Each structure stands twice: as C-alpha cells, then as structure tokens.
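The values are calculated or read from the model by the stated rules, or taken from the named source; none is laboratory data. Because the structure is a prediction, the values reported are computed rather than measured. Counting neighbours? That spans all protein chains shown, and the Cβs are built from the backbone with ideal geometry, glycine included. Only protein heavy atoms, including side chains, enter the accessible area calculation; ligands, DNA and RNA are left aside. Shrake-Rupley method; radii C 1.70, N 1.55, O 1.52, S 1.80 Å.
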Amino acid sequence: MGTMPYNRMGHTGLKLSALSFGSWVTFGTQIDTGLAVDCLAAAKEGGVNFFDNAEAYGAGLSETIMGAAIAQLGWARHSYVISTKLFWGLHGDPNMRNTLNRKYLMQAIDGSLERLGLDFVDICYCHRPDPDTPIIETVWAFSDMIAAGKVHYWGTSEWSGAEIAEAIAVAERHHLHAPVVEQPQYNLFERRRVEHEYARLYSSANGLGLTTWSPLSSGLLSGKYVDGIPEGSRATLPGYEWLANLLTDEKRNAVVRDLAAIAERIEVTPAQLSIAWCLKNPAVTSVILGASRVEQVTENLGALDALGRITPEIHEEIELAFLK
Ligand code: NDP
C-alpha cells in the first residue's frame, strides 16, 4: 500500500493524514465497540492519524464508542487527532438545539469530552451555520474553549463562503481565534462549494483547511448500487430511506457504471478511484472515509495506490463521464 501523506491543515501547523476515518451512520448503528476497535486499528495501521466524530452521531453514542475503543487500544494521546462537531444538540430545550449560541456550545463541549473520555479534542467544528446567533458570539465561545484548553483548533461544516469569511474577519477584528478548517461534502457528484464557492478562502495568510466528507456519496460511488440495494448496506437502515432514493438513482448509477469501467482498466476499484480523485484536489487536507467493515477500511486506504494512476488522460475521461 502507498505511503500515507500528511498535509498541513490550511495555514496551521497541524498535520492530518490525507485519508482519515469518521463514524457517521456506522458507530452505534452498524458498529459496536468491538468492531470499532478493529476498524480504528486498521485505519491507524494504514497511517490514519485523524478520526472524525460529532455529538449528533448516534445521539452521543458514537463519541462514547470511539472513546471506549481508543481507550481499549491504548493509543497515546499524542499519536492521534480527534474531532467533534456541535450544533444539533441532544436536548429539546430551545437554547440547546439547532444553535451555536454560547450557552449551548459551552455546555455541549463538556458533554462531548465526557463521552469521549478526553480532556480536549484537537478540532471542534460548528456542524452547520446558525442564522439566529450573531457570528461574533460563536467566534467568542470557540475562542474561550481554545483558551480553556478544551479545543485546539476550530472550524465550520457546510457554512457558506460568506459566513466563513465573516467569522475570520470578526475574529481578526477582536483578536480572537478564527476558524481554520471547513468540513464540506466533496465527491464526484458534489463539487460546487469546494471547487467554486470556497476558492478565495484557500490562498490567503488565513488559508482554510478542508476535511471533506462522503467521498463515496454514501457508498454510491463504490458501484454497489448499480443493480439495486445490497443487503446490510446503509440504504437498508431504518431512518435512512431518504438516502435510499439517492443511492438507487438510475441516472447516477449509469455514470457509476462508466466510472467502474475506467477503474477496471487502471486496475483499481471504483471506491479507490473515487477517493483518489478527491485527494487530487490540492485544496483538500484530508478525505474522511466511512466504513461499516474492516475490509472496506483496507480497500479504501488502497486509494493511495490509485493516485499515481490518475493520469491527465484518465482524469479527463472521468470528467467527461460525470459531465455528460
Ligand atoms: P462515504 O461516502 O465514503 O460512505 C461510506 C459508506 O459507504 C460506508 O459506511 C459503507 O456503507 C460504504 N462503503 C465504504 N467503502 C466501501 C467499499 N470499498 N465498497 C463498498 N461500500 C463501501 O463516507 P460517509 O458518508 O460515511 O462520510 C465519511 C465521514 O465524513 C463520516 O463518517 C463523518 O465523519 C463525515 N461526515 C460529515 C458530515 C458533516 O456534515 N460534516 C456529513 C456526513 C459525513 P455500507 O454500510 O452501506 O457498506
């Protein structure tokens, strides 16, 4: 397997493995602590140093499982980077859900740390923007979390380019900690924000890092849905019916067939090709992988071998397949 590159997260000094591992859908639904230990171990053995989490995943259960699995593995705290994300909340109270207000954030981070069994997370993201809270209130709360040593870097997820630019400007004006990383969706079907909307945010002295999600569009780009929904897949899970429609979309699956033909020719799997394609974008710090089985972790880490096989000609062929 190719050697794992470590990329600086935007203008910061923090280095993240080019491929990282996250727990959305899987931890607490398909993966218990035992399987989490095996998946995390396989990822770390392959060079992954960044593990992504969120308060909302499994309504807190994902953090509990990841924390317990890492404790069982006995990893030294210095050897990995871990994140969480805050926004949706775990309580119904008006001040504790769908918000980035100071009250919620200051209480929520303590809950996340307790579930993870950690004194700090390396990165904490705002899981979505909150138009009801002034941006300065959120910036101030994250600055205070950093000052308190509970968080080392903070960022956003699925904020607009304008919101991110405003948060950076507000932080500079008040000498507070600015957001340094965004976590957007990025894959062969979903490119707009990463390739256009954020384009101005990468190059300045405040250059933004990007940790991108759903590189396989929830599994669609692996090719496993071209003949319908396979048993045990994400599309069969209760509560994910909305995703099943996207995963079985005929037009998209026809494009995936073309992608699979290209992958076969260069002797990689469609999943490996799709992940490697994300990594080819120099703005991307780390592509966050998802997996419900150890074999998927191993296959997907093989994307590093696919990198060198995406010649300009192959890249062009992929573009043509997705633009038609
Ligand atoms: P992907 O798009 O890569 O989908 C992962 C899923 O695809 C797996 O759980 C598995 O599902 C299937 N799969 C993975 N590898 C293979 C393979 N080689 N062959 C066949 N099927 C495969 O990523 P995710 O959607 O899971 O997102 C990755 C991470 O990004 C999350 O864990 C989370 O950390 C982050 N994220 C962040 C969001 C945000 O709002 N900030 C939103 C969503 C994700 P199956 O069980 O069907 O086999």
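Data for the structure
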{"quantity": "In segment 4-26, the residues that are part of a loop (DSSP other than H, G, I, E, B) and not small (Gly, Ala, Ser)", "calculated": "Met4, Pro5, Met9, His11, Thr12, Leu14, Trp24, Val25, Thr26"}
{"quantity": "Restricting segment 238-256 to residues that are polar (S, T, N, Q) and part of a helix (DSSP H, G or I), the residue that is farthest from Gln296 (Cα to Cα)", "calculated": "Asn245"}
{"quantity": "Within segment 36-68, tally of residues that are closer than 24 Å to Trp154 by Cβ and either part of a loop (DSSP other than H, G, I, E, B) or modelled with pLDDT under 95 (or both)", "calculated": "6"}
{"quantity": "Selection count where residues are farther than 14 Å from Leu208 by Cβ and open to solvent by 10 Å² or more (accessible area, probe 1.4 Å), scope segment 145-169", "calculated": "6"}
{"quantity": "Residue ID - farthest from the ligand (Cβ to nearest atom), chosen from residues in segment 238-263 that are under 28 Å from Thr285 (Cα atoms) and in contact (Cβ under 8 Å) with a residue 60 or more places away in the chain", "calculated": "Asp258"}
{"quantity": "Failed item, numbered, when Leu100 is tested on (1) closer than 19 Å to Ala41 by Cα; (2) not in a helix (DSSP H, G or I)", "calculated": "(1)"}
{"quantity": "Condition met for Glu313 (open to solvent by 30 Å² or more (accessible area, probe 1.4 Å) and either more than 16 Å from the ligand (Cβ to nearest atom) or over 19 Å from Thr3 (Cα atoms) (or both))", "calculated": "yes"}
{"quantity": "Residue in segment 56-75 that is open to solvent by less than 50 Å² (accessible area, probe 1.4 Å), within 11 Å of the ligand (Cβ to nearest atom) and acidic (Asp, Glu) present", "calculated": "no"}
{"quantity": "Near pairs, Cβ below 7 angstrom, 6+ apart or cross-chain, from segment 214-237 (within 22 Å of Leu279 (Cα to Cα)) to any residue that is near the ligand (Cβ under 6 Å from one of its atoms) and not aliphatic (A, V, I, L, M)", "calculated": "Leu216/Ser222; Ser218/Arg234; Gly219/Ser233; Gly219/Arg234; Lys224/Ser233"}
{"quantity": "Output for segment 276-307, where each listed residue is more than 15 Å from Gly46 (Cβ to Cβ), touching a residue at least 24 places away in the same chain (Cβ under 8 Å) and more than 9 Å from the ligand (Cβ to nearest atom)", "calculated": "Trp277, Cys278, Lys280, Asn281, Ala283, Val284, Thr285"}
{"quantity": "Residue in segment 179-189 that is nearest to the ligand (Cβ to nearest atom), counting only those that are in a strand (DSSP E or B) and either in contact with a Cys (Cβ under 7 Å, 6 or more places away or on another chain) or open to solvent by less than 40 Å² (accessible area, probe 1.4 Å) (or both)", "calculated": "Asn187"}
{"quantity": "Residue satisfying all of: in segment 200-234; open to solvent by 50 Å² or more (accessible area, probe 1.4 Å) and not in a loop (DSSP other than H, G, I, E, B); farthest from the ligand (Cβ to nearest atom) among these", "calculated": "Arg200"}
{"quantity": "Scan of segment 190-199 for residues that are in a loop (DSSP other than H, G, I, E, B) and surrounded by 18 or more Cβ atoms within 10 Å (Cβ to Cβ), ordered by number", "calculated": "Tyr198"}
{"quantity": "Leading residue by the ranking (farthest from Tyr240 (Cα to Cα)) among those in segment 23-54 that are open to solvent by 10 Å² or more (accessible area, probe 1.4 Å) and within 17 Å of the chain's Cα centre (by Cα)", "calculated": "Gly47"}
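Conditions (1) within 20 Å of Leu61 (Cα to Cα); (2) surrounded by 13 or more Cβ atoms within 10 Å (Cβ to Cβ); (3) free of Cβ contacts under 8 Å to residues at least 40 places away in the same chain; (4) in contact with a Phe, Trp or Tyr (Cβ under 9 Å, 6 or more places away or on another chain), marked per residue:
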{"residue": "Thr99", "(1), (2), (3), (4)": "no, yes, yes, yes"}
{"residue": "Lys103", "(1), (2), (3), (4)": "no, yes, yes, no"}
{"residue": "Leu118", "(1), (2), (3), (4)": "yes, yes, no, no"}
{"residue": "Cys126", "(1), (2), (3), (4)": "yes, yes, no, yes"}
{"residue": "Asp130", "(1), (2), (3), (4)": "no, yes, no, yes"}
